[in-house]
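The values are calculated or read from the model by the stated rules, or taken from the named source; none is laboratory data. These numbers were taken from a predicted model, which means no experiment stands behind them. Cβ atoms come from the backbone with ideal geometry, glycine included; neighbour counts cover every protein chain shown. Calculation scope for accessible area: heavy atoms of the full protein, side chains included, ligands and nucleic acids excluded. Shrake-Rupley method; radii C 1.70, N 1.55, O 1.52, S 1.80 Å.
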Amino acid sequence: MSSIISKIAIAYTVGNVHARDMAVQIAAWLEEQGRHGRIVESHKEKVHCVSVWEGVDMILTLGGDGTMLGIARAVQELGLPILGLNLG
């Protein structure tokens, strides 16, 4: 039995304008495909609470290794799949 990924959190580090613009484009594309993209701004010095990730099927990180590692630490107990798109 497989599940369809329809709700995707798109995370990027605040201040990365290229990643932010790409997140907006990806979210719009997902909506066109009948999916939902939730944009999440990641802060290097702030850890997101678990409620930020509620209802999400997977996370797409846009940025570098630090972005992906920070998000991975924040959601490690939730078991969400993470796909990293390295923009560095």
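Things worth noting here:
- Residues satisfying the stated conditions in the stretch 1-21, i.e. within 14 Å of the chain's Cα centre (by Cα), more than 20 Å from Pro81 (Cα to Cα) and not in a loop (DSSP other than H, G, I, E, B): Arg20, Asp21
- Test: residue in the stretch 76-83 that is exposed (fewer than 11 other Cβ atoms within 10 Å of the Cβ) and on the phi > 0 side of the Ramachandran plot: yes
- One residue stands out among those in the stretch 22-36 that are over 19 Å from Leu87 (Cα atoms) and touching a residue at least 24 places away in the same chain (Cβ under 8 Å): the one that is surrounded by the fewest Cβ atoms within 10 Å (Cβ to Cβ), which is Gly34.
- Selection count where residues are in a strand (DSSP E or B), open to solvent by less than 60 Å² (accessible area, probe 1.4 Å) and under 21 Å from Val17 (Cβ atoms), scope the stretch 46-75: 5
- Taking the criterion of being in a strand (DSSP E or B) and touching a Leu at 6+ places or on another chain (Cβ under 9 Å), the residues of the stretch 22-45 that qualify are His36, Gly37.
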